[in-house]
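Presented below is the structure to which this report refers.
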2 protein chains.
Amino acid sequence: MARILAAADGLFGAADTAGPITMDDIATAAGIGKGTLFRAFDSRDGLLDALSDAKFAPVREALEGGRPPLGSEAPARERVVAFLDAVLTFKLDNRHLIRAREVSSTGALRTERYRWMQDALRALIADAMPGATAGDAGYAAHVLLAAIHIDLVEELLAGGRTPERIRRSQAALARAVLADVPG
Amino acid sequence: MARILAAADGLFGAADTAGPITMDDIATAAGIGKGTLFRAFDSRDGLLDALSDAKFAPVREALEGGRPPLGSEAPARERVVAFLDAVLTFKLDNRHLIRAREVSSTGALRTERYRWMQDALRALIADAMPGATAGDAGYAAHVLLAAIHIDLVEELLAGGRTPERIRRSQAALARAVLADVPG
DNA sequence: AGAATTTCGGACTGTGAGTCCAGAAAACCG
DNA sequence: CGGTTTTCTGGACTCACAGTCCGAAATTCT
């Protein structure tokens, strides 16, 4: 099963010129049949989720493990910025995979991972801004995540912006939104 | 051809419980064959674009026609807010259609309409914030549009927020971002 | 070894976008 | 008007891809 994920990872990693990656492609690359593939992961979404969850794990752990700048010792406001930067970097590093998943059937915002990110971010924001209501913090979390939606990231890249510049803009945006929320 | 659009509009308008709307559905509803449908609009995307452009026309005209609050006589900052509110309202009123289009193949940000909106908004923001660089204004435009992405709007609705509340939150966000851009 | 059970993989099905072409309708000509 | 050419129509067909099924192969049990 790790072999399947590795094969899929290889395909998505090298996905530049290639068209969309099908389940048959992955089965072939992993040297197994389609039936086996679908038994291991119930659906295409299931496979993509498993793969990207594996690659996302470091971010989760950094937040939960508690080492600064993501960990709980850093100032709350900077934790928000650091978290968003970590997620954005993850997306920049895995965009073919992320895009494949977000294009897919069930809306990306109903994903387990989106819920987790939104909730984590909401909590961080609430922490940073004691004056904000729960609804405000939740909304701010949604909006800041929307600002790093894969479609937008790819559009910015296509427009010639460097990843570093995107990260800087995004950090500035986060600080601006945070500055306002408590009002 | 107007008849086809009307039929499609009816389907999307009543699309609540129904599953996805296929091209065959639309052909049947319009009382024509599939070939004719594809000759009139080259592709599914073409049809959806034509339909939603028709419904979006009032917004375009309000901006270009120049009546306040969208028109050029209002203060620039409020024009930004009014424009975003108009687009958001349009999306709220046509979400099944918009969703069908954004789920579709080619990324929604490469759409003619997205380009138009982003450009119009960039210009309005540049107008409102003489201190901002072109890049900053463009980025702010992207971000404010991302905040009214259909997926997010539907998620907020599903979370129990009323359309009015979403519009208020969004207006507040726009003002917050505008307050910051010139820095 | 031989029976029972689990797992494998590729042939098969279902669905929906997009194509094709035989015939209907229309336009043109004498 | 009758015939001929051109244009238009619509439904049968193709194609790609996710997901299912079942006979064969492997594994475990006795």
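The values are calculated or read from the model by the stated rules, or taken from the named source; none is laboratory data. Nothing here was measured: the structure is a model prediction, and the numbers come from that model. Don't worry about glycine lacking a Cβ; one is built from the backbone with ideal geometry, like all the others, and counts go over all protein chains shown.
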For segment A:141-150, enumerate the residues that are in contact with an Asp or Glu (Cβ under 9 Å, 6 or more places away or on another chain) and within 8 Å of another protein chain (Cβ to nearest Cβ). A:His142, A:Ala146, A:His149
Does A:Thr133 satisfy the condition of being without any contact (Cβ under 8 Å) to a residue 12 or more places away in the chain and more than 10 Å from chain B (Cβ to nearest Cβ)? yes
Extreme residue, nearest to the other protein chains (Cβ to nearest Cβ), among residues of segment A:106-130 that are under 17 Å from the mean Cα position of the chain (by Cα) and outside any helix (DSSP H, G or I): A:Gly107
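Please state which one of A:Gly10, A:Gly46, A:Gly19 is within 13 Å of DNA strand D (Cβ to nearest atom), closer than 21 Å to A:Arg95 by Cα, surrounded by fewer than 18 Cβ atoms within 10 Å (Cβ to Cβ) and away from every other protein chain (no Cβ under 14 Å). First the steps, then the outcome.
Details: A:Gly10 fails: within 13 Å of DNA strand D (Cβ to nearest atom); A:Gly19 fails: away from every other protein chain (no Cβ under 14 Å).
Criteria check complete, one pass: A:Gly46.
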Kindly check whether there is at least one residue in segment B:51-65 that is in the same structural domain as B:Gly131 (by TED's automatic domain parsing), within 16 Å of DNA strand C (Cβ to nearest atom) and crowded, with 16+ Cβ neighbours inside 10 Å. yes
Matching entry among B:Asp42, B:Asp16, B:Asp85, B:Asp25 (being part of a helix (DSSP H, G or I) and either within 11 Å of DNA strand C (Cβ to nearest atom) or not assigned by TED's automatic domain parsing to the domain that holds B:Gly131 (or both)): B:Asp25
Scan segment A:42-52 and give yes if some residue there is among the basic types (Lys, Arg) and either touching a residue at least 60 places away in the same chain (Cβ under 8 Å) or within 21 Å of A:Leu157 (Cβ to Cβ) (or both), otherwise no. yes
Go through (1) within 14 Å of chain B (Cβ to nearest Cβ); (2) more than 16 Å from DNA strand C (Cβ to nearest atom); (3) of a type in the set (Val, Ile, Thr) for A:Val103 and report which single condition fails. (2)
